[in-house]
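J.: I'd like to ask you about the structure that follows.
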Amino acid sequence: MGEIILVRHGQANSSARDEDGYDRLSDLGHQQAAWLGDYMRDRERPFDKVISGSLRRHRETAAGLGYADPVIDPRLNEMDYFNLGRALQDVHGVPFPGPDDFAAHVPQVMQAWHQAEIMGVETFASFESRVTGVLQEAAQPGVRVLCVTSGGVIGMIIRHLLDLDPTRMAHILLPILNSSVHRIHVIPQGPILASFNAVPHLDTDDRAHALTHF
């Protein structure tokens, strides 16, 4: 059996209002990655391949895990949510949300993007195509692959595996934690979701503050 492990990046600059400002780990984000790296070295078998998106927060997370020189694949980069949010405001008058308002905002963005009412730097179909392309290449029998990426990419992969509509995909996106682990088993019938949003490296009382979404 093959296995793909998806890791979301550590906490980034959550106070940012654009992608460039967001794209760096906070001090806590670096610590989350280091804790996960320690956990994985103790409990995971070696990987045959380690892949990272090209964004700074992906590369910093991979380095914190102990992989300073991963294979860089921009297909693992996040959707441009800031531009999508601005497009939703321009087209439908929905303001960009504060930290407590994403539960209502994300489904609206996914639905409008899927229906081609809004677009950022790429269409929904283009995002889906590049993300599922990575999944198809990584899903090899007997091969273990680690992918360091973002929540939107993880959500899109789960959409593909479970055949979710855009609203249910949005509901998958919302709870994904920083530095969380998501496992896909590769069986003869194809890839299947084996676990979602695991954070065993944060499962102690003194790390409860590190359970972050943004």
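The values are calculated or read from the model by the stated rules, or taken from the named source; none is laboratory data. Because the structure is a prediction, the values reported are computed rather than measured. Glycine also receives a Cβ, built like all others from the backbone with ideal geometry; neighbour counts cover every protein chain displayed. Areas reflect the complete protein model, heavy atoms only, side chains present, ligands, DNA and RNA absent. Shrake-Rupley method; radii C 1.70, N 1.55, O 1.52, S 1.80 Å.
J.: Only one of Arg59, Arg75 is of a type outside the set (S, T, N, Q), out of contact with any strand residue (DSSP E or B) (no Cβ under 7 Å at 6 or more places or on another chain) and in a helix (DSSP H, G or I). Can you tell me which?
T.: The unique qualifying residue is Arg75.
J.: Another question, then. Tell me which residues, restricted to segment 192-214, are small (Gly, Ala, Ser), open to solvent by less than 40 Å² (accessible area, probe 1.4 Å) and not in a strand (DSSP E or B).
T.: Once the filter is applied, which keeps residues that are small (Gly, Ala, Ser), open to solvent by less than 40 Å² (accessible area, probe 1.4 Å) and not in a strand (DSSP E or B), segment 192-214 yields only Ala210.
J.: Within segment 48-61, which residues are open to solvent by less than 50 Å² (accessible area, probe 1.4 Å) and closer than 20 Å to Phe214 by Cβ?
T.: Gly53, Leu55, Arg57, His58, Glu60, Thr61
J.: Cβ-Cβ distance below 7 Å, separation of 6 or more or different chains: which pairs start in segment 66-88 with a residue that is under 20 Å from Phe124 (Cβ atoms) and end on one that is of a type in the set (Asp, Glu) and surrounded by fewer than 22 Cβ atoms within 10 Å (Cβ to Cβ)?
T.: Listed by first residue and then by second, the contacts come to Asp80/Glu19; Phe82/Asp18; Phe82/Glu19.
J.: Among the residues of segment 112-122 satisfying the criterion of being under 19 Å from the mean Cα position of the chain (by Cα) and farther than 16 Å from Asp165 by Cα, which is surrounded by the fewest Cβ atoms within 10 Å (Cβ to Cβ)?
T.: Val121
J.: Still on this structure: Taking the criterion of being polar (S, T, N, Q) and more than 14 Å from the chain's Cα centre (by Cα), would at least one residue in segment 168-178 satisfy it?
T.: Looking for residues that are polar (S, T, N, Q) and more than 14 Å from the chain's Cα centre (by Cα), one finds none in segment 168-178, hence no.
J.: Between Arg45, Arg41, which is part of a helix (DSSP H, G or I), open to solvent by 30 Å² or more (accessible area, probe 1.4 Å), out of contact with any His (no Cβ under 6 Å at 6 or more places or on another chain) and over 17 Å from Ile154 (Cα atoms)?
T.: Of Arg45, Arg41, the one residue that is part of a helix (DSSP H, G or I), open to solvent by 30 Å² or more (accessible area, probe 1.4 Å), out of contact with any His (no Cβ under 6 Å at 6 or more places or on another chain) and over 17 Å from Ile154 (Cα atoms) is Arg41.
J.: In segment 136-157, how many are within 13 Å of the chain's Cα centre (by Cα) and not in a strand (DSSP E or B)?
T.: Final tally of qualifying residues: 8.
J.: Pull up segment 89-111, narrow it to residues that are in contact (Cβ under 8 Å) with a residue 40 or more places away in the chain, outside any loop (DSSP other than H, G, I, E, B) and not polar (S, T, N, Q), then point me to the one that is most open to solvent (accessible area, probe 1.4 Å).
T.: By that ranking, first place goes to Ala103.
J.: Might you let me know whether segment 142-149 holds any residue that is more than 18 Å from Arg8 (Cα to Cα) and open to solvent by 50 Å² or more (accessible area, probe 1.4 Å)?
T.: Yes - at least one qualifying residue is present in segment 142-149.
J.: Any idea how many residues of segment 69-84 are at pLDDT 95 or above and either out of contact with any Gly (no Cβ under 6 Å at 6 or more places or on another chain) or open to solvent by 40 Å² or more (accessible area, probe 1.4 Å) (or both)?
T.: Residues in segment 69-84 being at pLDDT 95 or above and either out of contact with any Gly (no Cβ under 6 Å at 6 or more places or on another chain) or open to solvent by 40 Å² or more (accessible area, probe 1.4 Å) (or both): 8 in total.
J.: Any idea how many residues of segment 7-60 are touching a Ser or Thr at 6+ places or on another chain (Cβ under 8 Å) and closer than 20 Å to Arg144 by Cα?
T.: Adding up the residues that qualify gives 9.
J.: Looking only at segment 21-32, filter to residues that are farther than 15 Å from Ser180 by Cα and over 17 Å from the mean Cα position of the chain (by Cα); which one of those is most open to solvent (accessible area, probe 1.4 Å)?
T.: Top of the filtered list is Asp27.
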